[in-house]
């Protein structure tokens, strides 16, 4: 049993901070696009048109049944052979959005399906426009019903961002690999990074709970 | 200079698929044993024990799997345990699986109505017999669909072992891709292999869930 020496790691807080910043940025952008893709995917798979339904379901199943790293490699290493060259960070964001979108889509579809048809009929009877019905009677209650599952999914998305270090994105794990090369203190650096990730997850969990109160105040009325 | 992408390469990747499935199975078995212990610790009634299990689950679920793999990989060497990387990685996957299975199974155990436990207690069954004869048989059907779902996740996540140099499906794909310089074709093949294994399991999990709710 050797001894643990954290000095090399802890003297490089500036690098770690850069890594954290990039991890948070990449994850937040990917979460936004994943939510957009998720809503789109859910609407496609609930469409009345068979072909759209097929596209929606094919997207969800193809992504959910293959590993993220293979999808990432396909986008970063595979697309150039079709003439589409991407820098590591955009490639990472695209891959994470597509990946997160498939899971989010499945969750949101469940939320939309849980909405009582009578609600929509009443909205029509009240003379609400199709946009208003979609926005206030379908999307908002659906999202509020599945908010917990979506935030759990976003936490998994944040964690999956560590994988993009494999295409040399200098986010937290990538920085960890760099520091390991400088200090050769491999166990110490990954222990520190694990603690940082756990803290990031705790912060994200807390923020999601706060956001729930902002977006869906009606859930907390009278509580 | 580059080899053409041939069936030989596909066979080589099939060999990698065997390692992928093997690793996922080992992790499932190791994770099941530790996960069962964690689930029992969570529902056992002792607050401190329950908090310990909860903390373990929180930490393992809050750490990216890749970092867990790195820590196991370097930690084994640090502790002076001389094991092959594949063993350290299999152990890491088991620890990871335990955190998720422990959580899933705790949920299943807690979803058995409270009256069942009270009834068993009233009949004079011991805590062990209550668990074995009353609670677990009712919790198993509830637990199976999410467990199968998690097994799919486990199969997909073994792909991360490629980063620490375990030659499973994704790593074989990388090797073939470097040799043939046909990354898109090669990774599509790898993705197809994963899909062929995972999709039926996903469908099976969904089927079981539907039957349970029906």
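The table that follows gives values for the structure above.
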item: Residues (facing another protein chain (nearest Cβ under 7 Å), without any contact (Cβ under 8 Å) to a residue 40 or more places away in the chain and surrounded by 20 or more Cβ atoms within 10 Å (Cβ to Cβ)) located in region B:65-80; result: B:67, B:71, B:74
item: Residue in region A:115-131 that is out of contact with any helix residue (DSSP H, G or I) (no Cβ under 8 Å at 6 or more places or on another chain), surrounded by 15 or more Cβ atoms within 10 Å (Cβ to Cβ) and in a helix (DSSP H, G or I) present; result: no
item: Subset of region A:65-76 (residues that are touching a residue at least 40 places away in the same chain (Cβ under 8 Å) and facing chain B (nearest Cβ under 7 Å)); result: A:69, A:73
item: Which numbered condition residue A:206 misses (of (1) over 30 Å from residue B:73 (Cα atoms); (2) within 13 Å of chain B (Cβ to nearest Cβ); (3) in contact (Cβ under 8 Å) with a residue 40 or more places away in the chain); result: (3)
item: Complete set of residues in region A:134-188 that are outside any helix (DSSP H, G or I) and more than 16 Å from residue B:63 (Cα to Cα); result: A:146, A:168, A:169, A:170, A:184, A:185
item: Residue B:40 vs. criteria in a helix (DSSP H, G or I) and within 16 Å of the chain's Cα centre (by Cα); result: no
item: Among the candidates A:171, A:212, residue that is in contact (Cβ under 8 Å) with a residue 12 or more places away in the chain and either away from chain B (no Cβ under 13 Å) or farther than 17 Å from residue A:29 by Cβ (or both); result: A:212
item: Test: residue in region A:11-23 that is within 15 Å of the chain's Cα centre (by Cα), buried (at least 17 other Cβ atoms within 10 Å of the Cβ) and assigned to a helix (DSSP H, G or I); result: yes
item: Filter result for the condition that a residue is outside any helix (DSSP H, G or I) and within 14 Å of another protein chain (Cβ to nearest Cβ), over B:166, B:175, B:196; result: B:166
item: Odd one out for residue B:97, checked against (1) farther than 16 Å from residue B:38 by Cβ; (2) touching a residue at least 60 places away in the same chain (Cβ under 8 Å); result: (1)
item: The lone exception for residue B:150 - which of (1) assigned to a helix (DSSP H, G or I); (2) away from chain A (no Cβ under 13 Å); (3) surrounded by fewer than 22 Cβ atoms within 10 Å (Cβ to Cβ) it fails; result: (2)
item: Subset of region B:36-64 [crowded, with 20+ Cβ neighbours inside 10 Å and facing chain A (nearest Cβ under 7 Å)]; result: B:62, B:63, B:64
item: Yes/no for residue A:52 being out of contact with any strand residue (DSSP E or B) (no Cβ under 8 Å at 6 or more places or on another chain), over 30 Å from residue A:178 (Cα atoms) and at pLDDT below 95; result: no
item: Which numbered condition residue A:141 fails, given (1) over 13 Å from the mean Cα position of the chain (by Cα); (2) closer than 30 Å to residue B:149 by Cβ; (3) free of Cβ contacts under 8 Å to residues at least 60 places away in the same chain; (4) within 13 Å of chain B (Cβ to nearest Cβ); result: (4)
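The values are calculated or read from the model by the stated rules, or taken from the named source; none is laboratory data. Predicted model, so just to flag it, every value in this text is computed and none were measured. Note that we place each Cβ from the backbone using ideal geometry, even for glycine, and neighbour counts take in every protein chain shown.
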